[in-house]
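Before any comments, here is the structure.
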């Protein structure tokens with residue numbers, strides 16, 4: 001499923017990506033852990049949510065395969081343990097965390113079930129694991145597909161489906177406690193793919209597109225010029 005070279009596009013990524021207050025609040029509430037609890041952020045990227053949860057009182061470890069993304073992350077909070085590594089081979093000890101999160105990252109993993117199994121291994125028994133993800137069922141309905149059909153189709157190909165995600169979690173030993181839909185909010189601060197659905201003019205901005213992997217990695221120049 002992995003397709004994005006974040007060592008290439010990592011520079012400037014944070015120009016449009018930051019921890020969104022609403023999403024941060026949902027991560028905090030769903031983790032429901034006391035101050036000082038050890039939490040693993042799998043595929044932490046530049047560490048926006050990792051560092052924000054650290055500020056709220058959790059003891060965070062961020063694991064990220066991209067050297068460039070992690071270099072950006074390290075500038076945000078020296079108290080966070082920033083570690084190079086992949087979801088499929090987490091460089092952490094068994095049973096060392098009270099909770100884990102993975103935000104908009106599972107479509108970059110090479111083996112979904114192996115990644116979930118590694119998270120399960122890293123957690124203490126009964127610990128929460130909070131996922132925030134996009135799905136092909138959802139992405140295929142975006143109006144962007146009218147303008148960038150090939151890019152959106154490629155995005156859908158790499159996004160794990162809802163059934164695949166559920167079954168991979170269960171095979172890795174997780175019990176799915178709840179699923180919660182998410183709708184784009186006008187105040188969204190983390191400007192991912194569909195964040196500008198009500199402000200389409202923002203897609204004309206190269207700087208805006210640079211922080212979105214669908215445009216940075218999956219949209220050819222011909223399709224981009226035609227779509228814009």
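The values are calculated or read from the model by the stated rules, or taken from the named source; none is laboratory data. Just so it is clear, the structure is predicted and the values come from calculations on it, not from any experiment. In this analysis, Cβ positions are derived from the backbone assuming ideal geometry, glycine residues included, and neighbour counts consider all displayed protein chains.
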Flagged in the stretch 102-116 as under 13 Å from residue 44 (Cβ atoms) and either part of a strand (DSSP E or B) or without any contact (Cβ under 8 Å) to a residue 60 or more places away in the chain (or both), in numbering order, are 102, 103
Looking for whichever is more than 17 Å from the chain's Cα centre (by Cα), surrounded by 15 or more Cβ atoms within 10 Å (Cβ to Cβ), at pLDDT below 95 and within 27 Å of residue 112 (Cα to Cα) here; the options are 219, 214. Which one fits? 219
Is there a residue in the stretch 162-171 that is surrounded by fewer than 16 Cβ atoms within 10 Å (Cβ to Cβ), touching a residue at least 40 places away in the same chain (Cβ under 8 Å), out of contact with any strand residue (DSSP E or B) (no Cβ under 7 Å at 6 or more places or on another chain) and assigned to a loop (DSSP other than H, G, I, E, B)? no
Just the residues that are in contact (Cβ under 8 Å) with a residue 60 or more places away in the chain and either out of contact with any helix residue (DSSP H, G or I) (no Cβ under 8 Å at 6 or more places or on another chain) or surrounded by 17 or more Cβ atoms within 10 Å (Cβ to Cβ) (or both), please, taken from the stretch 198-209. 208
Among (1) in contact (Cβ under 8 Å) with a residue 24 or more places away in the chain; (2) in a loop (DSSP other than H, G, I, E, B), the one test that residue 195 misses: (1)
Condition first: at pLDDT below 95, within 25 Å of residue 215 (Cβ to Cβ), surrounded by 16 or more Cβ atoms within 10 Å (Cβ to Cβ) and in contact with a strand residue (DSSP E or B) (Cβ under 9 Å, 6 or more places away or on another chain). Can you find one or more residues in the stretch 21-41 that meet it? no
For residue 45, state whether it is crowded, with 19+ Cβ neighbours inside 10 Å and at positive phi. yes
Apart from one, (1) surrounded by fewer than 17 Cβ atoms within 10 Å (Cβ to Cβ); (2) free of Cβ contacts under 8 Å to residues at least 40 places away in the same chain; (3) in a helix (DSSP H, G or I) all hold for residue 176; the odd one out is (3)
For the stretch 180-199, does any single residue satisfy the condition of being in contact with a strand residue (DSSP E or B) (Cβ under 8 Å, 6 or more places away or on another chain) and closer than 30 Å to residue 33 by Cα? yes
Can you tell me which residue is farthest from residue 157 (Cα to Cα) among those in the stretch 210-222 that are touching a residue at least 60 places away in the same chain (Cβ under 8 Å) and not in a loop (DSSP other than H, G, I, E, B)? 210
All positions within the stretch 179-192 that are within 18 Å of the chain's Cα centre (by Cα) and free of Cβ contacts under 8 Å to residues at least 40 places away in the same chain: 179, 181, 183, 184
